[in-house]
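One structure below.
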Amino acid sequence: MLDLDSDFVPGVGSSYVSSEPEVNTSNTTYSPTIVPSSLKVSVKKSPAFDVETYLQSVPAIVCLSHLRWDFVYQRPQHLLSRFAKHTQLYFFEEPYFEDNAEPRLETHLREDGRVTLVIAHLPHGLTPDESDAKQIELLNVFFKENNLEQSVFWYYTPMALEITRHFKPSLTVFDCMDELSAFKFAPPRLLELETEMLAKADVVFTGGQSLYEAKKDRHQEVYAFPSSIDKAHFATARQSHEEPADQANIPHPRMGFFGVVDERFDIELLRELSTKRPEWQFVIIGPVVKIDPAHLPKAENIHYLGGKSYKELPSYLAGWDVAMLLFAQNESTKFISPTKTPEYLAAGRPVVSTPIRDVVRPYGDLSLVHIAETSEAFEAAIEKALTQKEDQDWMRRTDDYLAGISWDKTWQNMVHLMHSVSKEKQEKKLRAGV
């Protein structure tokens, strides 16, 4: 196995490493405290690991994603923007289909020019095989022109194998942030391609503990990295903010949710709560996708404010009395690890959640988040949460827990593992005389 530092609990990724301050990743010597999640083993100490030195040897990171960079700022953006400070980052999105489009790749810069978005534009009417063939042609030229053949490939969707399996990257990472096969409109071939992805990947990261438990026996190098947090960003919600114009006139008490409103969102729970407690105001922030907006409950105390930028979120959170995790109990939520859980807590908001496994463990078990399964229990939990803002013991325990997690630590531990797996891969090739 890998030559890493001392033990940690199997299945728990860097989000659970002991407390340390946020760091500047631009010039960091880091010695993480992790070992392979798949086995709890004794390993010898490795020397201090220099992030910068390793990443200077990586010509580029090529990310293949089912999510668009500009959609919602979440796990991919947090992690990949950190890579982009050290090496070239190419983020390949799924194609756009347009009438009479000339097949082409279009590029756009993000993160002050450090991230290059690459999007294929294709004509309507292509079969899936024809679409893949066109993209392969475009990628072959693009990779050759930009010397990307020996890059590190970072996958968020196994579907991208259809257009990239012929490449031979120096390292293949599968960051399995969701159980995509359980999502609405999932392609029929997704499960088959995930099996291929797990066979091809050199290292696999999962977006939460539950997802780790579902994948740990399918690959030798699987590591859990639950949702982390940019504490400084969301902690500004504890300060006074000028109310956003579209929220300023909404009465209190306010119960808020931000995130994508899709098949994971518990529409009926919101409907029941708003009916039972007309004096409570429900603020819903985020884009509506994959469901008909006409099916969303409408009431005077429900306020759909649409999508907001990542930068704007603390100013909305600052005006909420309680933050909610309104997730339904279905196949699409079985393995989710909501990033918004620690974000809500960093903002100093009491949180009420449905019993999502990766919220119950650890947040519910530590009494940092109220867990409620029925509308009656959710209503009672909100009533308790409304009195919690002045609970100094809860705030202290929350801050103590959050002190141990950050996107910097998550990213650094991932980089350490990538380096170790890459080193082992190269040594195997040398031993085999390849």
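The values are calculated or read from the model by the stated rules, or taken from the named source; none is laboratory data. Being a predicted model, the structure only gives us computed values, none of them experimental. Counting neighbours? That spans all protein chains shown, and the Cβs are built from the backbone with ideal geometry, glycine included. With ligands, DNA and RNA removed, areas are computed over all heavy atoms of the protein, side chains included. Shrake-Rupley method; radii C 1.70, N 1.55, O 1.52, S 1.80 Å.
Observations, loosely collected:
- Using a Gaussian network model of the chain in which every pair of alpha carbons under 10 angstrom is joined by a spring, one finds that among PRO169, PRO314, PRO251 the greatest mean-square fluctuation is at PRO251.
- All C-alpha pair distances within the range 232-293, sorted into 5 Å bins from zero, spread as 4, 13, 20, 23, 19, 14, 6, 1 percent across the bins.
- Cα centroid of the range 128-146 to Cα centroid of the range 275-340, whole Å: 39 Å
- Rounded tilt (10° steps) of 392-402 against the dominant C-alpha axis of the chain: 10 degrees
- Sum of -39500 (n - 2.57) over DSSP H runs of 4+, divided by residues of the chain (222 nm, nearest 500): -9000 deg cm²/dmol
- Sulfur and carbon atoms: percent of accessible area, the chain [1.4 Å]: 51 percent
- For SER353, the residues 5 or more places off, or on other chains, whose built amide H falls under 5 Å of its own are LEU325, HIS370, ILE371, ALA372.
- Computed over Cα pairs, the Kirkwood radius of the range 48-169 leads via Stokes-Einstein (0.692 mPa s, 37 °C) to a diffusion coefficient of 217 µm² per second.
- Solvent exposure of the range 125-239 as accessible area per residue, Å², 1.4 Å probe: 41 Å²
- Angle between the chain longest axis and helix 128-145 axis [Cα atoms, degrees, rounded to 10]: 60 degrees
- Gain in span if fully extended, GLN329 to GLU213, counting 0.36 nm per residue against the direct Cα distance: 39.9 nm
- Check: the chain dipole with +1 on Lys, Arg Cβ and -1 on Asp, Glu Cβ, in debye: 1000 debye
- For the residue pairs LYS200/LYS429; LYS308/LYS340; LYS311/LYS340; LYS216/LYS428; LYS231/LYS340, the alpha carbons lie more than 20 Å apart in LYS216/LYS428.
- Long pairs among LYS215/LYS290; LYS134/LYS409; LYS85/LYS423, criterion Cα-Cα beyond 29 Å: LYS134/LYS409
- Estimated inter-spin distance, LEU366 and LYS311, nm [label 7 Å along Cα→Cβ]: 3.1 nm
- Degrees between helix 407-432 axis and first principal axis of the chain (Cα, 0 to 90, nearest 10): 20 degrees
- In the calculated pair-distance distribution of the range 202-266, the portion above 18 angstrom amounts to 64 percent of the Cα-Cα pairs.
- The order of the peptides 202-209, 279-286 by mean Cβ neighbours within 10 Å, most packed first, is 202-209, 279-286.
- Per the Debye formula on identical point scatterers at the alpha carbon atoms of the range 246-398, with no solvent, log10 I(q)/I(0) at q = 0.10 Å⁻¹ is -0.31.
- Here the range 165-281 has an Rg and Dmax of 20.6, 59 Å, counting Cα atoms alone.
- Largest GNM mean-square fluctuation across THR172, THR387, THR398, computed for the chain with C-alpha springs under 10 Å, falls on THR387.
- Expressed to the nearest 5 percent, the antiparallel share of DSSP beta bridges inside the chain is 20 percent.
- Quarter of the Cα convex hull surface for the range 289-375, i.e. its orientation-mean projected area (nm²): 6.7 nm²
- log10 of Debye I(q)/I(0), alpha-carbon scatterers only, for the chain at 0.11 Å⁻¹: -0.90
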